[in-house]
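So the structure is just underneath, and the comments pick up after that.
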Amino acid sequence: MSYPTKYTRQYDYVSYQNANPSRPLPAGQIHADYNAVAASLAETIDFLKTSIRADGGIANESISFDQLTTSVKASIGDTTSADEILAARDDAVAAASDAATSETNATSSATAAASSASAASTSATNAASSASAAATSATNAAATLANAVIGAVASGDGEIMLFSGTTGKSVKRSVSISGVLKLTSGVASAAVAGTDYLAPSAIGSTVQAYDAQLFSDVPQNPQSGSYTCVSTDPQKHVYHNALSAHTYTIPANASVPYPIGTRLMFVNETGSGNLTIAITSDTLMLAGTGATGSRSLSAAGIATAMKISSTKWIISGTGLS
């Protein structure tokens, strides 16, 4: 993909405005300039998409193998790169050997020629420094090679490779694992149907059974005294079974912000005292009449309140007044 086209303004609006102060700017020129801006911006966005993902990371497959350093290639099992490192190490070792020979020759020359002793000593010192640097290079090269990960001799296209537990620095083929894969403390193994995951054959019965259970039951929250509803009461029924009259209160949105559409169910058992259903500071509206305020639920009555806005509920039921 070529680089995006840079935007260049196509019209001198300042000169036009100075020459025509009472006239509006030319729409055709503005339209053309906006189109040029939009085209340049679209090309820039398309260009960025080739190298940057939506989350800001480098785009997948935007970096090729050739862009990696030799040491990185060797660390992921590239034998050519590993050979280059080995060759560099051999060259460093050879250089160290040559330097050591030079040091020996320099020492011999110093012994044979007393008049050149000072110069020979200086040469020996320089040779020793070269030998030390060469040895350091050889050590570094050996350390790089020691940390390299060596791949399997052969593998299938798209096959997953696993670390070998024998050497710890080589990878092996994963042909012994098939089916669903699971990780335990970083170690891969085959997952067991029914233990690690729900088998496809069980979806038609097990999942549907759980789904039906979730939406068919209305759990009970029994309360024998006055009570203020809490965040866990939706999809339950608050059950009143007491001879005395009590008040069940729907809390204000500022206290318990139930989502719009929340339903609270109230049941007053046969023989119980009247149950008052109140609301703290928001609006409770009676279905059918639009009357607002607290409601009275007689014995053997049942009522459901639904939240229809952030501060408004509507209530209806049998035995409700």
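Counted by Cβ distance under 15 Å from Ala36, the other residues give a net charge of -1, where Lys and Arg count +1 and Asp and Glu count -1.
Among 48-57, 284-293, the peptide with the highest mean count of other Cβ atoms within 10 Å heads the list, and the full ranking is 284-293, 48-57. A Förster radius of 45 Å, combined with the Cβ-Cβ distance separating Asn241 from Ala193, puts the computed FRET efficiency at roughly 0.45. What separates the Cα centres of the stretch 17-31 and the stretch 246-294 is a distance of 64 Å. When Ile250, Ile45 are compared by accessible area of protein heavy atoms, the largest-first order is Ile45, Ile250, using a 1.4 Å probe. The modelled label-to-label distance between Ser281 and Tyr11, using points 7 Å beyond Cα along the C-beta direction, is 5.7 nm.
Distance between the pseudo-spin-label points of Ser97 and Ala254 (7 Å out from Cα toward the beta carbon): 8.9 nm.
Extension gain, Leu183 to His31, is 48.9 nm, computed as 0.36 nm per intervening residue step minus the present C-alpha separation. For Ile314, neighbours were defined as the other residues whose beta-carbon sits under 14 Å from its Cβ, and their charges (Lys and Arg +1, Asp and Glu -1) total +3. Taking 0.36 nm per residue of separation and subtracting the current Cα-Cα distance, fully stretching the chain between Ser108 and Asn18 would add 23.2 nm. Of the residues His240, His246, His31, ranked by 1.4 Å probe accessible area with the largest first, the sequence reads His31, His246, His240. In the context of the full protein assembly, Leu181 retains an accessible surface of approximately 90 Å², using a probe radius of 1.4 Å and ignoring ligands and nucleic acids. Could you tell me what percent of the DSSP beta bridges with both partners in the stretch 223-321 are antiparallel, to the nearest 5? For the stretch 223-321, the DSSP antiparallel bridge percentage is about 55.
Distance between the modelled labels on Ile308 and Thr289, one decimal in nanometres: 1.6 nm (7 Å Cα→Cβ projection).
Amide H to amide H, with H built 1.01 Å from N, Ser272 comes under 5 Å of Ala300, counting only residues 5 or more places away or on other chains. Asp98 contributes an accessible area of around 100 Å² to the protein surface, as traced by a 1.4 Å probe with all chains present.
The values are calculated or read from the model by the stated rules, or taken from the named source; none is laboratory data. It should be emphasised that the depicted structure is a prediction, and the values quoted were computed from it without experimental measurement. Reconstructed Cβ throughout: ideal geometry from the backbone, glycine too, with neighbour counts over all protein chains shown. In case anyone asks, the SASA skips ligands and DNA or RNA and just uses the protein heavy atoms, side chains included. Shrake-Rupley method; radii C 1.70, N 1.55, O 1.52, S 1.80 Å.
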